[in-house]
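> Mind having a look at this structure? Questions to follow.
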Amino acid sequence: MPASDGLAPPLSEVERDIVKSHGGWTAFCASYGLEPWNPDENKEAKSLIHLLGRKGSDAADVSLSPKSAPRSL
């Protein structure tokens, strides 16, 4: 684990799962061209992970919603 993984901000369980799927905080940041040791880019990465976490939970909610089922013609 790179030392810069220790720079990860507090994450929700969903956000942690996303970060783990990238191989850690440093790899997650690098995959988006961000440097975790740069405070501004670390904040940007946190914003990204928050949005990805919301998108994932929203997608699950939508797919289970009866309102999203296709209508018959």
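> Tell me, what is the percent relative contact order of segment 11-55, built from C-alpha pairs under 8 Å that lie six or more residues apart?
Details: 27 pairs, mean separation 16.6, N = 45.
RCO, segment 11-55: 37 percent.
> Give me 15, 44 sorted ascending by neighbouring Cβ count inside 10 Å, so fewest comes first.
On the way: 15 21, 44 15.
Listing 15, 44 from fewest to most nearby Cβ atoms yields 44, 15.
> How large is ³J(HN,Hα), in whole Hz, for each residue of segment 12-18 in order, when computed from phi with the Karplus curve 6.51 cos²θ - 1.76 cosθ + 1.60 and θ = phi - 60°, using x for Gly and Pro?
So the J values, rounded to whole Hz, are 6, 4, 5, 5, 4, 4, 5.
> Once you put a point 7 Å from the Cα of residue 52 and another 7 Å from the Cα of residue 32, both along the Cβ direction, what distance in nm separates them?
0.7
Every number in this text was worked out from the coordinates using simple rules, so none of it is lab data. Everything quoted here is computed from the prediction, not taken from an experiment. All Cβ positions, glycine included, derive from the backbone under ideal geometry; neighbour counts span all protein chains shown.
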